[in-house]
Amino acid sequence: MRCPYCKNSQTEVFKTQFFRSKTYRYRRCQFCKAKFRTQEKPVRWAGVDRTWPGTAPSRTGWRSNRVPALRGNCEVEFCGVDFRKTGTKRHVDHIVPARLIRRLRAGNPDRRENLQCICGTCHGCKLKADHKLCMGDRLGYLEILRTNHFDVARAERALAMYGL
């Protein structure tokens with residue numbers, strides 16, 4: 001904070017007072033020793049109050065389809081993760097990203113054919129592929145899945161199921 005008298009930026013706060021929704025800070029300039037007060041108001045960020053546009057997404061079938069998907073092993077070929085070890089968590093992943101399906105209004109993203117059980121490491125690789133698909137790069141999406149040994153045939157069936 002700059003001093004209003006000498007414009008020096010070296011000031012110190014020696015007292016703070018909170019009154020209703022405002023904060024007052026009493027400051028002293030290090031250079032000219034002048035005292036002055038500043039007032040702070042809370043700022044509302046535009047993204048904080050944002051809610052889901054329109055009606056909330058329907059999550060029918062999520063719980064009933066999620067539980068069977070969690071029972072399997074990691075569905076990535078050559079992954080070899082054993083979920084019976086402690087500390088290894090299972091992730092339920094949408095083969096075709098749910099945000100894309102909702103944006104295109106292509107149907108229910110929580111169908112069992114669109115869910116797979118994968119480990120955390122494979123889920124990180126899959127998120128990179130999901131980003132490619134959401135940006136419109138279908139070939140890049142399939143290429144990332146192919147290089148990370150995902151079941152590409154299953155992904156193509158899921159894409160065809162939603163008309164992508």
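A few notes on this one:
- Unmet criterion (only one of (1) over 19 Å from the mean Cα position of the chain (by Cα); (2) modelled with pLDDT under 80; (3) open to solvent by less than 90 Å² (accessible area, probe 1.4 Å)) for residue 47: (1)
- Scanning segment 56-92 for residues that are closer than 15 Å to residue 122 by Cα, at pLDDT below 75 and of a type in the set (Lys, Arg) returns no hits.
- Residues of segment 3-38 that are open to solvent by 80 Å² or more (accessible area, probe 1.4 Å) and among the charged types (D, E, K, R): 7, 15, 20, 33, 35, 37.
- Taken over segment 114-128, the criterion of being within 24 Å of residue 63 (Cα to Cα) and buried (at least 16 other Cβ atoms within 10 Å of the Cβ) is satisfied by 114, 115, 116, 117, 118, 119, 122, 123, 126.
- Any hit, segment 129-148, residues being within 17 Å of residue 68 (Cβ to Cβ) and either outside any helix (DSSP H, G or I) or open to solvent by less than 70 Å² (accessible area, probe 1.4 Å) (or both): no
The values are calculated or read from the model by the stated rules, or taken from the named source; none is laboratory data. Keep in mind that this is a model prediction, so the values were computed, not measured. When we count neighbours, we look across all protein chains shown, and the Cβ atoms used for this are built from the backbone with ideal geometry, even at glycine. SASA here: full protein model, heavy atoms, side chains in, ligands and nucleic acids out. Shrake-Rupley method; radii C 1.70, N 1.55, O 1.52, S 1.80 Å.
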